[in-house]
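Please read the structure below before turning to the comments.
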Amino acid sequence: MTNGTSEWPEGVVNATQDPVERVVGTADADAGGGTPGPKVRIEEVARLAGVSPITVSRALRSPEMVSKPRRERILDAVARTGYASNPHARALKSGRSNLVALFLSSIASQQYTMAAEACTKVLEAAGYQVVMGRTSYSYARESSLIPAVMDMRPAAAFITGVMELEANRSFLRQLDIPIVESWAYAADPIDMLVGFSNTDGVALAVRHMAGQGYGDVGFIGRNSGRGTIRRNAFESFCAASGLRMHGAVTVANVHSIADGRAALNEIVDRHPAIRALFCANDLIAFGAMLAARERGLRVPEDLAIVGFGDSDVLAEVPPGITTVSVDAAGIGRVAGEALVTRLAGNEPLQRTVLFPVTLMERGSG
């Protein structure tokens with residue numbers, strides 16, 4: 001499906017925007033934490049400091065451009081009102097640091113750590129230091145982590161994903177620092193985007209499964225964010241291609257291969273007719289293959305498995321897992337280069353850079 005049609009994308013594709021969800025409201029309550037963001041308008045800070053809102057904004061962004069007496073009044077007004085108090089108060093005193101914040105969706109995923117490593121190499125070569133935080137696919141974790149990390153007043157940020165919670169998007173945008181989101185093809189990134197089309201990646205997987213004659217299929221993946229994008233795309237493409245989708249098992253988070261093991265056992269118990277599985281995460285795919293073997297199922301003769309991401313282990317474990325491949329290191333490298341370019345006062349050639357998705361065919365299906 002490309003651009004709203006049911007046509008199959010050919011070869012390496014990257015044309016379809018992902019329907020990234022934008023969430024208005026508070027963070028999920030089960031994980032604790034609230035939504036960040038300034039609750040006081042800049043006009044209130046300006047009134048108390050006896051300056052214009054433009055002067056407040058200039059002081060927060062470029063303190064050297066504002067006289068010391070005015071900076072002190074603005075600092076006092078920021079402290080009294082709590083307007084983005086910690087990050088901006090530090091900026092008024094000393095300016096931004098040479099730190100760059102990296103927000104990782106998961107440290108269990110090799111793709112994210114590869115991207116972080118590649119991005120870090122570029123940043124360190126340019127004289128920046130990196131501080132990392134783990135969002136764990138959780139709005140609440142994300143909402144508590146962002147202001148804590150931003151309290152260090154980093155010069156820029158790289159996110160292995162796209163921010164969905166509007167409060168967090170607004171908070172980051174108001175910091176006025178270079179930001180790169182990734183791992184999706186979103187229509188409206190906060191600042192810059194280095195990503196790929198999840199939708200087109202799923203299209204390649206389904207086209208392969210249809211071509212192999214796997215008529216009865218199932219899905220395993222996360223139940224939110226990019227997991228939802230991949231599941232919805234999978235259902236849509238299966239319907240367009242005539243594949244019979246028997247069921248889906250979704251999880252809130254993916255911590256290890258144990259999640260894939262449990263999901264495989266659940267979906268096979270519930271839907272024994274399934275002939276092929278699309279696993280929207282490589283850890284899940286690896287765990288599913290191990291569980292299939294433990295059940296005495298031959299891969300791919302009894303059950304074919306297709307993953308998403310392409311970590312090293314998928315190629316090494318016999319018979320090798322067929323998967324949608326993404327250049328994680330390339331994404332991290334280009335993200336780092338975009339941040340360094342902006343931090344040097346220049347504009348990158350593109351604000352949105354899209355990487356191709358390909359299908360790595362191996363022995364699992």
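The values are calculated or read from the model by the stated rules, or taken from the named source; none is laboratory data. Not measured: the values here are computed from a predicted model. So basically every Cβ, Gly included, is an ideal-geometry build from the backbone, and we count neighbours across all protein chains shown. Accessible surface is based on the protein model in full, side chains and every heavy atom, while ligands, DNA and RNA are left aside. Shrake-Rupley method; radii C 1.70, N 1.55, O 1.52, S 1.80 Å.
So which residues in the stretch 149-163 are assigned to a loop (DSSP other than H, G, I, E, B) and crowded, with 19+ Cβ neighbours inside 10 Å, if there are any at all?
Result: 153, 154, 155, 160, 161, 162, 163.
Among the strands (runs of 3 or more DSSP E) lying completely within the stretch 192-252, list those that include at least 3 residues that are under 22 Å from residue 270 (Cβ atoms) and open to solvent by less than 30 Å² (accessible area, probe 1.4 Å).
216-222, 244-251
When the residues of the stretch 285-319 are narrowed to those that are at positive phi and not charged (D, E, K, R), which ends up farthest from the chain's Cα centre (by Cα)?
Per the criteria, the residue is 296.
Quick check on my filter: what residues within the stretch 170-187 are touching a residue at least 24 places away in the same chain (Cβ under 8 Å) and open to solvent by less than 20 Å² (accessible area, probe 1.4 Å)?
171, 172, 175, 177, 178, 180, 182, 183, 184, 186 - these are the residues of the stretch 170-187 that are touching a residue at least 24 places away in the same chain (Cβ under 8 Å) and open to solvent by less than 20 Å² (accessible area, probe 1.4 Å).
Would you confirm whether any residue within the stretch 264-273 is crowded, with 20+ Cβ neighbours inside 10 Å and of a type in the set (D, E, K, R)?
no
Looking at 341, 358, 352 in this structure, which one is hydroxyl-bearing (Ser, Thr, Tyr) and in contact with a Ser or Thr (Cβ under 9 Å, 6 or more places away or on another chain)?
Within the list 341, 358, 352, the selection yields 358.
What about residue 142, is it over 19 Å from residue 226 (Cα atoms) and not hydrophobic (A, V, I, L, M, F, W, C)?
No.
I'd like the residue in the stretch 316-365 that is in contact with a Pro (Cβ under 7 Å, 6 or more places away or on another chain), more than 25 Å from residue 199 (Cα to Cα) and in contact (Cβ under 8 Å) with a residue 60 or more places away in the chain and, out of all such residues, is surrounded by the most Cβ atoms within 10 Å (Cβ to Cβ).
Checking each candidate, the answer is 339.
Within the stretch 125-148, take every residue that is touching a strand residue (DSSP E or B) at 6+ places or on another chain (Cβ under 9 Å) and part of a helix (DSSP H, G or I) and give me the one that is farthest from residue 97 (Cα to Cα).
This residue is 139.
Give 29, 15, 46, 59 a once-over and let me know the one that is modelled with pLDDT of 80 or more, aliphatic (A, V, I, L, M) and out of contact with any Pro (no Cβ under 6 Å at 6 or more places or on another chain).
59
For the stretch 289-303, enumerate the residues that are within 16 Å of residue 216 (Cβ to Cβ) and in a helix (DSSP H, G or I).
292
Can you pull out every residue in the stretch 69-106 that is closer than 17 Å to residue 148 by Cβ, modelled with pLDDT of 80 or more and open to solvent by 20 Å² or more (accessible area, probe 1.4 Å)?
Result: 99, single match.
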